[in-house]
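To start, the structure under review is shown below, and the notes come after it.
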Amino acid sequence: MLTKQVETNAKLLKDVNYLKSEVNIVTVFKPKKRCILILFPHKRSEVGGYIKGNKLNVKYERDLVKIFTDYNTL
């Protein structure tokens, strides 16, 4: 039954899964700096420096795309 009462405990939840794929390997990760650095063990310091130098926030999808796009140039 519909009423005109407002629910005070309503929440909007956004469920997003991030995936990194390599040859026959798919890895699920959370958008956290620590998790991003674990994904790139061979260039961990370069990726960390790139994130810091460009003032990127891994919680924003546009910044994640930039990190993954520019990874090969590091």
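The values are calculated or read from the model by the stated rules, or taken from the named source; none is laboratory data. A quick note: this is a predicted structure, and the numbers were derived from the prediction, not measured. FYI the Cβ positions are ideal-geometry reconstructions off the backbone, even for glycines, and counts take in every protein chain you see. All accessible areas refer to the heavy atoms of the entire protein, side chains included, with ligands and DNA or RNA removed. Shrake-Rupley method; radii C 1.70, N 1.55, O 1.52, S 1.80 Å.
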From the backbone phi of the range 69-74, what are the Karplus-calculated ³J(HN,Hα) couplings (6.51 cos²θ - 1.76 cosθ + 1.60, θ = phi - 60°) in whole Hz, Gly and Pro given as x?
-> 5, 8, 4, 5, 8, 7
With eigenvalues of the C-alpha gyration tensor scaled by 5 and rooted, the chain, Å | 35, 15, 10
Dipole of the chain, Cα-centred, from +1 at each Lys and Arg C-beta and -1 at each Asp and Glu C-beta, to the nearest 20 debye?
-> 300
Extension gain (nm, one decimal) between Lys14 and Phe68, 0.36 nm per residue minus Cα-Cα | 17.2 nm
Given the pairs Lys14/Lys43; Lys11/Lys55; Lys14/Lys52; Lys32/Lys66; Lys33/Lys55, which span a C-alpha to C-alpha distance of over 23 angstrom in this model?
-> Lys14/Lys43; Lys11/Lys55; Lys14/Lys52
With each label point set 7 Å from Cα along the Cα-Cβ vector, what nm distance links Lys59 and Lys4?
-> 3.8
Which of Lys55, Lys30, Lys14 fluctuates most in a GNM of the chain (C-alpha springs under 10 Å)? That residue is Lys14
Starting from the chain, pick out the GluC sites (Glu not before Pro) whose DSSP state is loop and whose Cβ has at most 15 other Cβ atoms within 10 Å.
-> Glu7
Once amide hydrogens are built 1.01 Å from N within the peptide plane, the residues lying 5 or more places from Tyr18 or on another chain with amide H under 5 Å from its amide H are Phe29
The chain, accessible surface, carbon-and-sulfur percent (1.4 angstrom probe) | 53
Quick one: how many Å² of Thr73 are accessible to a 1.4 Å probe, rounded to 10?
-> 110
